[in-house]
Structure formats: structure tokens, C-alpha cells
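Let me begin by presenting the structure, written as C-alpha cells, before commenting on it.
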Amino acid sequence: MDDQRLTERSVDQKEIKISAKNVQVYYGETHAIKDVDVEIEDNTVTAFIGPSGCGKSTFLRCLNRMNDTIDIARVEGTILLDGEDIYDKRVDPVQLRAKVGMVFQKPNPFPKSIYDNVAYGPRIHGMAKNRAELDEIVEKSLRRAALWDEAKDRLQAPGTGLSGGQQQRLCIARAVATEPEVLLMDEPCSALDPIATGQVEELIDELRTNYSVVIVTHSMQQAARVSQKTAFFHLGNLVEFDETGKIFTNPEDSRTESYISGRIG
Amino acid sequence: MSDASIPGPAAPATGKKSSLLELDARTKRRNAAETRFKAYGIVAILIGLCFLVALLVAIVRNGAPAFTQTFVTLDIELEAEAIEAAEASVVKTSQYRDMIRAELMGRMAAEGIETDMDANTLGQILSSSEAGQMRDFVLENPDRIGETVTFNFLASSRVDGYSKGRVTRESLERDPNLSPAHLDLVDQLEEAGIIERTFNWSFVFGADASDSRPEQAGIGVAMIGSFFMMLVVLALALPIGVAASIYLEEFAPQNRFTDFIEVNISNLAAVPSIVFGILGLAVFIQLVGLPQSAPIVGGLTLTLMTLPTIVISTRASLKAVPPSIRAAALGVGASKMQSVFHHVLPLALPGILTGTIIGLAQALGETAPLLLIGMVGFIASNYPEGVASGFLDPNSAMPAQIYEWAKRADPAFYERAWGGIIILLLFLMTMNLIAILLRRRFERRW
């Protein structure tokens, strides 16, 4: 099976995980996202880049229906996760968010212990039958987030007492603990120093083996470093979506080129 | 704004660079303003402290005497025949009174205190409650008839006032209740150890007494009334208030209807409490038919008054929880309710507790609505019997009792009113202490 997957990857025919068609988002009267079509592949890091206020975060929040929590936000169009419309009336956003995890811009651990932070998701979803299983999930998640070695001796210490980079990795551990299929990251490194950023980026690359990762970033270098696909948003439009290499070396749209070379944005 | 008002940048024009070592006029003015402002603040705090100290001194000075009381100690032999005769008579207490007076005369003769007063005049030294007290004892302890029992009878309020320095010989010149000659006897009785001033537990635990017997009045029953009212307020206002605020803050859609509710809650918090009193009278007593003067009605009325306070403070503390916590919970797939109850509410709890305690303190000290629902009743009977009677039987409340005493004519009641305030404040401080301890317990560091 592994061999088969390798061949698949080499010919670049990955499964489509999320397929968005003709998505429009309105904040009250403001038309924030216009006609966005994106196909996000499995086991791929997809980066959304663009200037501030271009709608990339808004679009990201459509993918797990976090925009539902904003009263005035309205989403139109279809977004399919594994072929199922996530905006279907029968879909419970709570169930969706268990499948599509999210990491936020500012590290936001709960004011609880490190253990409880990670165990919270599995607990509310009933993923562990007993304490031992829960311990296992916590350890696995912290290992995946590359935080285990630093945190294993102080699992009962408050999560808020960690450094910024550790807090963000704790949030990633918390997100992966519920075994999501897609991981959305909204500028996960903007509050971190370069060393912590490096650690998180390394982590993102590892996460790709298990998840489809979508990352919003302000740093084009970061997009270039971690992603395979890149989408460039500008003023609510998806300007260009292609292989990261192509976007950064040979963009088709002149706006993309101006942004990448620093002339606009 | 003209250039003249900005002297700073004008300096280079003279060709001289401004030095950091000397302050320019603008900085000086700014610093002076800051110093002045700090001085105002300190003065304001000092004035506040002065008032507080004056208040506390006044309360303690006027109220402390209420906690001691003058007693007359007498050993009385309970002769079976005398008691039978007393119980057979029409006015039963009068013969007990005679027994006590005879004993007092006898005691004085034994101590060598001479007087030409008759027993009845002499008896004015004692509170008129003495006969009832003795009879109650006899009825409760029939097996002790035949023994000699030591009684602590209350001295009359004039004698008590004399021992506290409130009553002087001059003030008794035209007093029908006691004469200066009595005071000479009191002095001698005190020397003989028959009259004594001791701590007055019956003020803390006793019931109110009639207008003419301030020495007998206590705040205990009113305290129980207040306690049962607070139970009602806590049991209703806290859950209703917190549930309403959680719904309004976290779940309710933003529309005209919720805006309307919001405005009205704020308005309710500013409604004079007497309005709630008349509402309580109309709804709970006249419409629903709950018993008058009962702590349950008082509690319900005060609940109405306290709810807006609790709702407003709970909403404020829910708002203060950072939205990132809600996002984090939703992000891992928690439902809205889970995010509220697992994360938001625990973080808001200290603030909710503070609001609740402020609301309860307000309710505890509220008098006006109680006047309207009749909770100023003079409660001659004693403690409520059991919990149900505590809620349903007529009772008073501490502030209403204090108000009642303050408006009575006898200055001895004035002292009780201040003493009642001390107890009310102690009650409040206990509640605050509990709240602070709970806060400590729930507070989390970020």
C-alpha cells in the first residue's frame, strides 16, 4: 500500500479533500469573498497568501464553519468535504469541527493543565474509554506536536505557563488530539520568534503525512518553505492557485507577481 | 492653534539647542498638573477615610452598650403552695411579681441596705418582664418546684441606662418610672453584687419586645428573618440571573427584541426599591395570596430587586472572558454549550460571585420594600419552629427591626438600633468573607 501511495504521489494525483465552488461571503453588506473556487488535496500543505484584509482568513474560517459564530456573516456557494456539502442543513457544525481542526493566530491554550488542554477534545468526543487510553492519546498528540520531550515532566502544570512557541505547539497538539482529517492554521507563527517558527514549520511538514493542512500566512517565505500548493487572494478574489513553485517563480497573473516581488500588499 | 502655544519647537529658531537637563515650560506645566491631580486623589481618599472612621466610631460608641445589660440576681425558693396559689389567681403573674419583690426586700434587708420604699415602688428597679420570666421557668421546669433557684432578672431600662451613663439623677427628677432615690439603692445593690452588668446574649438571640420594655428587646428573630430571606434570594436570583445572562450574552440573537430586554434590565436596576415593595404587595400577597409579613414574600420581592444587579454583573464578567477561549473550544469541536459551561463560565465565576454578593448585600440592607409587605411586624413570639415556619411565619428583618427601634421614643431603643447596625454589619462582613474565600478558590491565573 505504501508503494502504491508513493507512486500516486509521484504522479501527483492526490485525492481531493475539500472542494470549494463559487463561494461568496458577506459581512452584512460587505462582499468579503467573491467567487472563490479551490480544490484542496489530501496530504498536502496548502498556503493562502495575500495582503491584510484580502479574505484569506475569512475563507479559511468557512472551511470549518467558524463564521457561523459571527451573526452578520453569510456564506453562499458549496464547500464539499469528501464530497459532502458542509453547509448542508443536516450537517452539525460541531461534528464538522471535530473533523476539521483549527489552530489560531494567537496561541490560546485553555487556562488548565497541559494534560487537560490536550485531553479536552478527546474527552468531549468520547474518544477514550479509560484513563490509560486518554493518556495514550495525550502522549501521541504531544509527540506529534513535538512538545512531548519538553512537557512530559510537567503535564499537570498550567498550559498558559509555557512559552509562546510551546503554547502554539500545545494548541496544535490539542487540535490533532481529536484526530481531524483537515487542519486549518490561521497565521500560526505570527506571534512566534524565528526559532519557534522553525519548529512549527517543521511540524507542519510532518503533519502532512496524516492530514491535509491549510495554512494562512503573511510570510511568503513561509509559504514557500512549507507548502506544496499556494493560493493568492487579493481584495476578496482568488487571483491564482497553483503549485507553490510555480506561483513563486512563474506566476501567471501580474497581481501575483507584484505581490510576490513586494510591489503591492 | 497658534505657534505661540507651542514653545518647544520654537527653541531651535533662536539658534540654541534645547537641553534635556532643564525642563521647558510645557513639561513643567504638565508635571505640575500631574502632581496636582495626585494630590486631589490623596485628598479624596483621606476625606473618604475620615468619613469611614467617623462612621465606625459612631456606630461602635453608640452600639456597644446594647451588648451589655444590667441584671438583678436573686435566689428564689419555689414554694409549691405559693405557686399553686399564683396559678389559681386571675392575673397569674401578679403573685409571681409579689414573690420576686418580697425576695428583693429580703435580700436587701440581709445585706443591710435600708429603704423606706414599699415593695411596689422598689420593684421599679426590675423590668416588668420579671414575673413572666419566672412563671415561664416554673412552667417549663415543674420538677424544680420546692428548690431554691437563682434567677437573673433584667433590670429596668432606667437602671440599665444609669449603669451605662445614659440616665442621671437630674433626668429622673420628673420620670414616673424611676426616682433618684432608686439610684442610691441601685448603687448599694451593685456593691452588694445583686445588680450586675454582663454581656447580653438575649440582645443577639432574643426577640423584639414591647415599647415599654427596651431592656428585653433583641434582634435574634429578625436575624433569622433576614437569613431566610437571603436563602430565598440566593436560591432564586442566582440561578435565574446567571441563566438569563448566559442566554443573553452567549446564545441570544442580536435583534430588536434582545436590545429591548437589555435596556429594560438596565432600567430595572435603577428602579427605586419601594416600587418593588408595592409590586411584591400586589403580586405575591394580594394576587397569589402568600402570607403577609413572611420571609418568603420578602425574599421574592428582594429577588426581583436583586436580579438586575446579578444579570448586569454576570454579563460584564462573561464579556470579559477573551473570545479566543470560545474560539479554541469551538475549534476542537465543542458545542456552544460545552464551550460556555466548560470554559467561559468557570473563568467568569469570580466576577459572578462578586456581583451576587453585591446584590445580596443590597438586599440584606433593604428596608423600604419590607415596610410595604408588612415585614416590620412586632414579633412577640419567639423563634420560628422549623424551616417551613421560618419561611412562612410572620417575621421581621434586621434593617426593618433597626428602623422600628430607631423610631421608638425611649432612648434605650436608640442604643438598640445602633447595636442592631453592628450586628447587621457583622452579618454582611461574614457574607463578604465567604464570597472572598469562594473567589480565591475559583480564581485562575492566565
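The values are calculated or read from the model by the stated rules, or taken from the named source; none is laboratory data. Small disclaimer: the values here were computed from a predicted structure and weren't measured. Every residue, glycine among them, receives a Cβ derived from its backbone with ideal geometry; neighbour counts consider all protein chains shown. In case anyone asks, the SASA skips ligands and DNA or RNA and just uses the protein heavy atoms, side chains included. Shrake-Rupley method; radii C 1.70, N 1.55, O 1.52, S 1.80 Å.
Summary of values
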{"read-out": "Shielded by partner chains, the range A:103-135 residues - at least 30 Å² of accessible area, 1.4 Å probe, vs chain alone", "value": "A:Phe104, A:Asn108, A:Phe110, A:Pro111, A:Lys112, A:Tyr120, A:Ile124"}
{"read-out": "For the protein assembly as shown, the Rg and Dmax computed from alpha carbons only, in angstrom", "value": "39.7, 128"}
{"read-out": "Heavy-atom accessible surface that A and B bury in contact, both chains counted, 1.4 Å, Å² to 100", "value": "1700 Å²"}
{"read-out": "Approximate spin-label separation B:Thr198-B:Asp75, in nm, with each point projected 7 Å along Cα-to-Cβ", "value": "1.5 nm"}
{"read-out": "Solvent-accessible heavy-atom area per residue, rounded to whole Å², over the protein assembly as shown at 1.4 Å", "value": "50 Å²"}
{"read-out": "Gain on full stretching of the segment that runs from A:Asp71 to A:Ile195 - 0.36 nm per residue minus C-alpha separation", "value": "40.8 nm"}
{"read-out": "Accessible surface of the range B:220-442 [probe 1.4 Å, protein heavy atoms]: carbon and sulfur percent", "value": "72 percent"}
{"read-out": "Pairs of Lys in chain B closer than 30 Å at Cα, counting only those 8 or more apart or on different chains", "value": "5"}
{"read-out": "J(HN,Hα) series, the range B:122-135, from Karplus relation 6.51 cos²θ - 1.76 cosθ + 1.60, nearest Hz, glycine and proline x", "value": "4, x, 5, 5, 8, 5, 6, 7, 4, 5, x, 4, 5, 5"}
{"read-out": "Residue among A:Phe110, A:Phe233, A:Phe241 with the largest mean-square fluctuation in a Gaussian network model of chain A, springs linking Cα atoms under 10 Å", "value": "A:Phe110"}
{"read-out": "Against the rule of thumb 2.2 N^0.38 Å, how large the Cα Rg of chain B comes out", "value": "1.43"}
{"read-out": "HN-Hα J in Hz across the range A:225-241 - Karplus 6.51, -1.76, 1.60, θ = phi - 60°, x for Gly and Pro", "value": "6, 9, 9, 9, 10, 9, 10, 10, 9, 8, 6, x, 9, 8, 7, 8, 9"}
{"read-out": "Cα convex hull of the range A:41-105 - mean projected area over all directions, nm²", "value": "5.3 nm²"}
{"read-out": "Heavy atoms of A:Tyr27: accessible area, 1.4 Å probe, square angstrom to 10", "value": "60 Å²"}
{"read-out": "Whole-percent carbon and sulfur share, accessible surface of the range B:112-209, 1.4 Å", "value": "46 percent"}
{"read-out": "Relative contact order of chain B, pairs being alpha-carbon contacts under 8 Å that are 6 or more residues apart, as %", "value": "18 percent"}
{"read-out": "Dipole axis of the protein assembly as shown (+1 Lys, Arg; -1 Asp, Glu on Cβ), positive-most option in B:Ala192, A:Ala146, B:Ser127", "value": "A:Ala146"}
{"read-out": "Shape parameters for the range B:64-145, alpha-carbon atoms, Rg then Dmax in Å", "value": "13.9, 43"}
{"read-out": "Listed residues B:Ser210, A:Ser190 arranged by accessible area, highest first, probe 1.4 Å", "value": "A:Ser190, B:Ser210"}
{"read-out": "Net lengthening on full extension, B:Ala282/B:Asn31 (0.36 nm per residue, minus Cα-Cα)", "value": "84.4 nm"}
{"read-out": "Using distinct alpha-carbon pairs, which all enter the 1/r mean, Kirkwood radius of the range B:65-199 in Å", "value": "15.4 Å"}
{"read-out": "Length released on extending from B:Lys407 to B:Val90, taking residue separation times 0.36 nm less the Cα-Cα span", "value": "110.6 nm"}
{"read-out": "Diffusion constant of the range B:252-363 at 4 °C, which comes from Stokes-Einstein with the Kirkwood Cα-pair radius and 1.567 mPa s, µm²/s", "value": "80 µm²/s"}
{"read-out": "Computed accessible area, A:Asp193, all protein chains, 1.4 angstrom probe, square angstrom", "value": "80 Å²"}
{"read-out": "Percentage relative contact order, chain A, counting C-alpha pairs under 8 Å, at least six apart", "value": "26 percent"}
{"read-out": "Accessible area of chain A belonging to carbon and sulfur atoms, whole % at 1.4 Å probe", "value": "47 percent"}
{"read-out": "Residues B:Glu114 and B:Glu173, FRET efficiency given R0 of 25 Å [Cβ-Cβ distance, rounded to 0.05]", "value": "0.65"}
{"read-out": "Charge-dipole axis of the range B:293-446 as Lys and Arg at +1 and Asp and Glu at -1 on Cβ define it, positive-most pick from B:Thr306, B:Ser339, B:Ile402", "value": "B:Ser339"}
{"read-out": "Rule-of-thumb Rg ratio for the range B:231-297 [Cα; 2.2 N^0.38 Å; N residues]", "value": "1.37"}
{"read-out": "Cα Rg over Rh - the range B:14-137, Kirkwood", "value": "1.67"}
{"read-out": "Farthest toward positive dipole pole in the protein assembly as shown [+1 Lys/Arg, -1 Asp/Glu at C-beta], among B:Ala269, B:Pro176, A:Leu184", "value": "A:Leu184"}
{"read-out": "Using θ = phi - 60° and Karplus 6.51 cos²θ - 1.76 cosθ + 1.60, couplings along the range B:166-173 (whole Hz; Gly, Pro as x)", "value": "7, 10, 10, 4, 4, 5, 8, 3"}
{"read-out": "Interface residues in the range B:294-334 - accessible area drops by 50 Å² or more relative to the isolated chain, probe 1.4 Å", "value": "B:Ala328, B:Leu330, B:Gly331, B:Val332, B:Gly333"}
{"read-out": "Cut-off under 5 Å, modelled amide H: who pairs with B:Ala155 long-range", "value": "B:Thr70, B:Phe71, B:Val72, B:Ser127"}
{"read-out": "Counting all C-alpha pairs of the range B:220-442, share separated by more than 30 Å (%)", "value": "32 percent"}
{"read-out": "Cα-centred dipole magnitude for chain B, charges only on beta-carbon of K, R (+1) and D, E (-1), debye, nearest 20", "value": "4220 debye"}
{"read-out": "Percent of alpha-carbon pairs separated by more than 22 Å within chain A", "value": "57 percent"}
{"read-out": "For A:Tyr87, residues with placed amide H under 5 Å, excluding near neighbours", "value": "A:Ile79"}
